[in-house]
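Accompanying notes for the structure given below.
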Amino acid sequence: MLDFAIFAITFLLALVGAVLYLYPVTASSALRDSGHRPNGNLPDIVNSGSLHEFLVNLHERYGPVVSFWFGSRLVVSLGTVDVLKQHINPNKTLDPFETMLKSLLRYQSGGGSASENHMRKKLYENGVTNSLQSNFALLLKLSEELLDKWLSYPEHQHVPLSQHMLGFAMKSVTQMVMGSTFEDDQEVIRFQKNHGTVWSEIGKGYLDGSLDKSTTRKKQYEDALMQLESILKKIIKERKGRNFGQHIFVDSLVQGNLNDEQIIEDSMIFSLAGCIITAKLCTWAICFLTTCEEVQKKLYEEINQVLGNGPVTPEKIEQLRYCRHVLCETVRTAKLTPVSAQLQDIEGKIDQFIIPRETLVLYALGVVLQDPNVWPSPYKFDPDRFDDELARKTFSSLGFSGTQECPELRFAYMVTTVLLSVLVKRLHLLSVEGQVIETKYELVTSSREEAWITVSKRD
């Protein structure tokens, strides 16, 4: 079965409805393709295991700018920093990650003018910023609750890391997006169940047509989506025209005079993406720390130096420079979001290749993040590489930090920093001997099976 990212391409291509093609400037610059098989390169993608792994092989064979056939459609993929810099437009108001999710959910309210889209983007970003500022104490409380839980375990007990990180992310996101209703664990569990159904089906059910063929599954998906939207509608109604002590994400959208449909869509996107990106960033960061004793030791020393005997605060977060490098290196090494996409707005040129308007252009981020020409020893987990200003600038230009990072990732960086500052200060994070963690490349990269760790108290 193809992965979530592949279905996103299918859906975006369906929106275009035009024959896609690539004009080489000279005959010698023509890109290789698969010929005219009815399914194009779809069997090759399946055999590779994922779209990301297919793109790795394609770029290794044919270079930084490649094309392939997705069914009867021609798609272009960019696989080096240099060609990506030629294509990425820092002034774009539509984030490719959010745009892809809205397309998958078949949301339609994003087609406003450039000024309207810019205003809506700013409201979304401000909503993330304000909810983080207003709910920092909540993040600290949830992190300390998880610490207490882990401290209560006998030494050498195996901890299901992925499961715990998803639960932690769900609690954080639901309370910061939708408020105190989700202080009730049963409400979080119900939300998590519906969230899981929706996230799973938009990645597989529409892709292989099985959702439409299964009345039961389709009803479960539609019911889950309806329940999530119903919760949001209720909260929007409650928050309108009233003041609450806790500022949540929805409040920023309500106060920005968006209509209910836009508020529901943006809140849904942030709830879906924010939960998954946060959970996976927390999971991968801890996984890498368990296998890199020196990195964990250096992080512990920084946390002790910056925090002393006090708790983490928003001001002290800025001083945890090495912690930020750990998270950046986690995103890079895990290839947290390996593929992104943009539709070509106007005809453009990449190196010697002309890309026509309305061509789907993939950003092979997973390829770029492990390019040995950019990242020495690319498969090594080495946060110190971000001491180099050029590495930081390159990472920022790809949209993983700085002004171009997506709001969901910015949220995840803050949440994971708070969690690590709490856990690493009191616990040794240890790997389970003999465990091999296999990677599953989807829209957000995860482990194929549960990732297990153990913990022990620091002296």
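The values are calculated or read from the model by the stated rules, or taken from the named source; none is laboratory data. The model shown is predicted, which means the values in this text are computed figures rather than measured ones. Using ideal geometry, Cβ is built from the backbone for each residue, glycine included, and neighbour counts are taken over all protein chains shown. These area figures cover heavy atoms from the full protein model, side chains too; ligands, DNA and RNA do not enter into them. Shrake-Rupley method; radii C 1.70, N 1.55, O 1.52, S 1.80 Å.
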Subset of region 342-364 that is closer than 30 Å to LEU281 by Cβ and open to solvent by less than 10 Å² (accessible area, probe 1.4 Å) - its residue that is modelled with the highest pLDDT: ALA364
All but one of (1) closer than 17 Å to THR416 by Cβ; (2) in contact with a Lys or Arg (Cβ under 9 Å, 6 or more places away or on another chain) hold for LEU151; which doesn't? (1)
Criterion (among the aliphatic types (A, V, I, L, M) and surrounded by fewer than 24 Cβ atoms within 10 Å (Cβ to Cβ)) met by exactly one of LEU258, LEU281, LEU253, LEU289: LEU258
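So in region 380-414, with the set limited to residues that are of a type in the set (A, V, I, L, M) and more than 13 Å from ARG324 (Cβ to Cβ), which one is nearest to the chain's Cα centre (by Cα)?
The qualifying residue nearest to the chain's Cα centre (by Cα) is LEU398.
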So which helices (runs of 4 or more DSSP H) stay within region 1-114 end to end and still have 2 or more residues that are modelled with pLDDT of 70 or more and among the aromatic types (Phe, Trp, Tyr)? 51-62
Give the number of residues within region 299-312 that are open to solvent by 80 Å² or more (accessible area, probe 1.4 Å) and touching a helix residue (DSSP H, G or I) at 6+ places or on another chain (Cβ under 8 Å). 0
For region 232-258, give me the residue count where each residue is more than 19 Å from TYR124 (Cα to Cα) and assigned to a helix (DSSP H, G or I). 2
Looking across region 313-341 at residues that are more than 25 Å from GLN133 (Cα to Cα) and among the β-branched types (Val, Ile, Thr), the single one that is surrounded by the fewest Cβ atoms within 10 Å (Cβ to Cβ) is THR333
Since CYS328 meets every condition but one in (1) assigned to a helix (DSSP H, G or I); (2) farther than 21 Å from SER143 by Cα, which condition does it not meet? (2)
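Looking at the structure I just gave you, is GLU302 farther than 30 Å from GLY63 by Cα and at pLDDT 95 or above?
The answer is yes for GLU302.
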Answer from GLU145, GLU229 - the residue that is charged (D, E, K, R), farther than 18 Å from GLU265 by Cβ and part of a helix (DSSP H, G or I): GLU145
